[in-house]
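Structure first, then comments.
The values are calculated or read from the model by the stated rules, or taken from the named source; none is laboratory data. Remember, predicted model here, so these are calculated numbers, not experimental data. Here the Cβ positions follow ideal geometry from the backbone for every residue, glycine too, while neighbour counts run over all protein chains shown. SASA here: full protein model, heavy atoms, side chains in, ligands and nucleic acids out. Shrake-Rupley method; radii C 1.70, N 1.55, O 1.52, S 1.80 Å.
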Amino acid sequence: MSLDFVSNEEMIQEARRRLEQGAWDYLVGGSASETSLRRNRLAFDKVAFRPRILVDVSEIDTSVTFLGQKLRIPAILAPIGSLQVFTPEAGVASTQAATEFGIMHALSSVTEPTLEETAAATPTPKIFQLYVHGDMKWVEDIISRVKEAGYAALALTVDVAHYSRRERPMVTRYRPPTQRATRNRNYLASLTWETMDMIKEMAGLPFLLKGVQTAEDAA
């Protein structure tokens, strides 16, 4: 793996230099006035390491097995919609980066190119993230494509009953392609535990729920 960047901050600065204002706001912003985004940042900052000394760490192994797949470190690339606004290669670029780094890519169902093209870009296993934008026949058709393309798992997004209000990009009147597209969002709003069970059974793959936010729902 080439080391073109030596720090996260350097990567952030280069991304900012390359992106137009609207795409940048979409990338770094959060929903509404970004209160939850700030709370999440503060919550992460409260987590601290408690280093223990005089332990032999001359040889360490950071790898882990997740969904039956060996990962270099316990991390995956999260599904991000409209990757084509950041780079022309879109989902292919992200999946190639994940393969190079030795982790899994969770591909968004609302990004380019097709799920088949991204799956074929590298030989490593991938997760497919699903937004439900149609009836059960629609879901069945897309899951058939996901399985045929060889995805290792399915992640169902359950916390977007309606498209979120993002005030930062609204200031510049920017709308990502996911918002410009005409879709029937009533399907997302009508998801229930029962329809989730149907989708899970239909998929027959390792299954994740994306968007669980309370201990009660997790249980």
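Tell me which residues, restricted to the range 30-47, are open to solvent by less than 80 Å² (accessible area, probe 1.4 Å) and not polar (S, T, N, Q). If you could, list the steps in order and put the result at the bottom.
So in the range 30-47, the residues open to solvent by less than 80 Å² (accessible area, probe 1.4 Å) come out as 30-37, 43.
Across the range 30-47, the qualifying residues are Gly30, Ala32, Glu34, Leu37, Ala43.
Can you name the number of the only condition in (1) open to solvent by less than 40 Å² (accessible area, probe 1.4 Å); (2) over 28 Å from Asp25 (Cα atoms); (3) not small (Gly, Ala, Ser) that Pro113 fails?
Unmet condition: (2).
Among the residues of the range 39-72, write down those that are in contact with a strand residue (DSSP E or B) (Cβ under 7 Å, 6 or more places away or on another chain) and aliphatic (A, V, I, L, M).
Val64, Leu67, Leu71
For the range 117-151, which residues satisfy the criterion of being over 16 Å from Leu77 (Cβ atoms) and under 17 Å from the mean Cα position of the chain (by Cα)?
Selection gives Leu130, Tyr131, Val132, Val146.
If you go through the range 123-145 one residue at a time, how many are under 23 Å from Asn186 (Cα atoms), touching a strand residue (DSSP E or B) at 6+ places or on another chain (Cβ under 8 Å) and free of Cβ contacts under 8 Å to residues at least 60 places away in the same chain?
3
For Ser82, only one of the following conditions fails: (1) modelled with pLDDT of 95 or more; (2) polar (S, T, N, Q); (3) closer than 24 Å to Arg16 by Cβ. What is its number?
(1)
Answer yes or no as to whether Ala75 is over 27 Å from Lys147 (Cα atoms), open to solvent by less than 90 Å² (accessible area, probe 1.4 Å) and out of contact with any strand residue (DSSP E or B) (no Cβ under 7 Å at 6 or more places or on another chain). Before the answer, list the steps.
Numbers: over 27 Å from Lys147 (Cα atoms): no; open to solvent by less than 90 Å² (accessible area, probe 1.4 Å): yes; out of contact with any strand residue (DSSP E or B) (no Cβ under 7 Å at 6 or more places or on another chain): yes.
So Ala75 does not fit the description; no.
When Leu54 is evaluated against the numbered criteria (1) closer than 26 Å to Thr172 by Cα; (2) open to solvent by 80 Å² or more (accessible area, probe 1.4 Å), which criterion, by number, is the only one it fails?
Of the numbered conditions (1) closer than 26 Å to Thr172 by Cα; (2) open to solvent by 80 Å² or more (accessible area, probe 1.4 Å), the odd one out for Leu54 is (1).
Restricting attention to the range 145-168, which residues are modelled with pLDDT of 80 or more, touching a helix residue (DSSP H, G or I) at 6+ places or on another chain (Cβ under 9 Å) and open to solvent by less than 70 Å² (accessible area, probe 1.4 Å)?
The answer is Val146, Ala149, Gly150, Tyr151, Ala153, Leu154, Leu156, Thr157, Val158, Val160, Ala161, Arg166.
Tell me which residues, restricted to the range 14-29, are surrounded by 12 or more Cβ atoms within 10 Å (Cβ to Cβ) and outside any loop (DSSP other than H, G, I, E, B).
Looking only at the range 14-29, we keep the residues that are surrounded by 12 or more Cβ atoms within 10 Å (Cβ to Cβ), and these are 14-16, 19, 21-29.
Glu14, Ala15, Arg16, Gln21, Gly22, Ala23, Trp24, Asp25, Tyr26, Leu27, Val28 - these are the residues of the range 14-29 that are surrounded by 12 or more Cβ atoms within 10 Å (Cβ to Cβ) and outside any loop (DSSP other than H, G, I, E, B).
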